[in-house]
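Report on one structure; see the data block that follows.
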Amino acid sequence: MIMKPKGKKFRIRRGAGHAQATPSQPADDNLLGEMDDGFGDTAFPGSAAHAQANDQGATDAPQNAEPGAIPMEQQLAAIRQEGLTGRQLRMARRTAQKHGLRPASDFDAVRLLRAQGIDPFARTNMLELIVNDDQGAKAAANAAQPNLPATVRQPAPPGPATAPYDESTRASEIMRVQRDIAARRRKRLVLLGVRLMFFVMLPTMLVGYYFFNVATPLYATHSEFVIQKSEGGGSAGGLGGLLGGTSFATVQESITVQSYLESREAMLRLDSELGFRAHFSDERIDPLTRLAPDATDEDMYDTYLKHLNIGYDPTEGLLRMEVIAADPESSQAYAAALIDYAEERVDQMTQRVREAQMADANTSFNDAEARMVQAQQRVLQLQEQRGVLSAEAEVSTVFQQISTFELQLQEERLRLLELLSNARPNQTRVEVAERNIARLEALLAELRGGLTDTDDGEVSLARISSELIVAEADLQTRQLMLAQSLQQMETARLEANRQSLYLSIGVYPVAPDEPAYPRAFENTLLAFLVFSGIYLLVSMTASILREQISA
């Protein structure tokens with residue numbers, strides 16, 4: 001069994017400059033007693049005894065203290081009760097050393113600084129200490145570089161302490177600093193007000209004066225129209241049929257009309273018909289809006305675009321137009337003329353397509369009709385030349401004759417056989433029968449030869465029939481082609497009607513009775529915001545550049 005060693009516990013208590021051992025048992029049991037540190041009665045620098053000796057010396061030093069002054073011990077006790085942190089005490093000691101004071105402790109440093117009217121915790125003192133620390137750190141770093149011989153300068157002894165400020169001097173200095181700060185602040189505010197007045201308020205007032213007193217009142221005429229496509233006579237297939245009843249079917253045409261109204265062509269036509277240049281060159285118009293009499297077409301075009309506002313709404317398919325002029329009658333006349341120009345341009349956009357479609361259909365129909373006439377003339381010519389009205393009728397007649405003569409030939413042959421069957425036939429009747437049979441056979445041979453054989457340059461009936469059949473077939477074909485061409489021409493006419501575009505006016509231009517421009521308040525406010533933004537941007541840029549240059 002291992003027994004734990006028993007030892008006595010001691011507690012170290014701080015006394016008045018020396019430590020006492022207080023064991024957990026009575027003081028009689030202290031076997032060690034007091035130990036000698038080898039320095040005798042000399043207080044080691046930095047120890048509590050040394051600090052107490054310095055406090056005692058400082059207490060005993062002022063033999064000639066003023067009567068009624070607060071004792072130093074009470075001042076130190078009051079400073080200790082303030083609850084200052086260790087960092088603040090270290091800063092107070094460093095500030096006292098900077099001012100040439102030799103405090104006995106950190107609390108004594110606070111007391112000495114306050115006695116001279118110096119706030120040890122002021123921000124300026126803290127910054128000066130930081131700067132001095134940085135310089136000292138740099139010097140120490142330079143001195144600590146190895147293998148670099150350098151001359152180490154000993155710090156100069158602190159100079160004599162400056163005379164402390166009394167309360168009146170301190171108050172006067174504070175008031176002087178405050179007056180200086182207030183004066184500089186007032187100067188900056190005055191300069192700011194002057195700059196704002198010169199760069200913001202003065203231009204804004206000039207702009208407001210122009211819009212309220214100088215600008216010529218202008219009248220605006222509003223109108224709305226839509227471009228529609230004819231859907232009569234059938235509906236187109238495919239995607240065009242799906243978009244035919246919507247506003248997307250005429251998007252391209254609407255944008256084209258908008259571009260035309262904003263073009264130089266429309267401006268020149270409006271000037272030639274209604275005198276656009278002369279209207280805006282009138283002396284009654286203010287100088288900024290007026291157009292010079294000898295202005296170029298480009299200047300007039302700029303004025304034209306400023307006084308014409310036209311936009312296309314793709315969701316509704318509407319073209320909204322606003323025409324601005326110096327009097328309501330001119331504004332209405334310009335708007336009506338531009339709508340007429342737009343309608344003419346819409347008609348011209350599909351006119352070539354419609355004319356091309358109808359031209360092709362008419363050409364095909366005329367060609368089919370001419371060929372049919374030629375076929376008819378050929379049939380007629382064959383009938384006149386051959387003397388046959390109808391090949392089928394002629395052939396039918398010949399075959400009927402051949403059939404009739406064959407029947408007669410058979411009857412004569414039967415009669416001849418009957419005569420020859422007698423023992424003593426009548427010779428005269430036999431001869432008559434034989435001559436009839438010979439005559440019928442010759443007639444039948446002639447009829448059959450007339451169908452196929454040709455004699456003395458005569459054309460056979462078969463050839464005549466064939467020519468007539470071919471001519472009649474060609475005539476029927478030409479008639480069918482003529483009917484198809486007629487149907488195609490009708491279809492092309494319907495398609496041309498579907499390609500037709502119409503300009504439908506939703507809002508007619510009506511002359512206004514009150515001017516719409518200039519909008520004085522809105523324009524003045526906008527000018528103020530613009531000038532303010534420019535000033536703010538320039539001032540921020542100048543501040544940034546000044547800071548970069550000074551850095």
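With Cα atoms defining each centre, region 325-348 and region 421-439 are spaced 111 Å apart in the structure. Put a dot 7 Å past the Cα of Asn362, heading toward its Cβ, do the same for Ala542, and the two dots end up 7.7 nm apart. One chain, two ends: Ala483 and Glu446. Fully extended at 0.36 nm per residue, the span grows by 8.8 nm beyond their Cα-Cα distance.
Using the Cβ-Cβ distance between Val353 and Ala473 with R0 set to 41 Å, the FRET efficiency from 1/(1 + (r/R0)^6) comes to roughly 0.60. Starting from 0.36 nm per residue, how many nanometres of slack lie between Gln258 and Leu196 once their C-alpha separation is accounted for? Extra length from Gln258 to Leu196 when fully extended: 17.9 nm. The modelled label-to-label distance for the pair Lys306/Ser500, using points 7 Å beyond Cα in the direction of Cβ, is 4.3 nm.
Rounded to the nearest 0.05, the FRET efficiency derived from the C-beta distance between Asp340 and Val373 at R0 = 56 Å is 0.75. Which far-off residues, 5 or more places away or on another chain, put their amide H under 5 Å from the one on Leu218, with H placed in the peptide plane? Excluding prolines and chain starts, which carry no amide H, the hits are Ala516, Tyr517.
When each of Arg184, Arg413 is scored by the number of other beta-carbon atoms lying within 10 Å, the sequence from fewest to most is Arg184, Arg413. For the listed peptides 311-323, 419-431, a ranking on the average number of other beta carbons within 10 Å per residue, highest first, reads 311-323, 419-431. Amide H contacts for Leu291 (H built 1.01 Å from N in the peptide plane; partners 5 or more residues away or on another chain; cut-off under 5 Å): Ser281, Asp282.
Placing dummy labels 7 Å off each Cα toward the beta-carbon, the span from Asp299 to Glu418 is 12.8 nm.
Read-outs throughout are calculated quantities, based only on the coordinates presented, and are distinct from any laboratory measurement. Fair warning: this is a prediction, and the values are worked out from it, not measured in the lab. Virtual Cβ from ideal backbone geometry, glycine too; neighbours counted across all protein chains shown.
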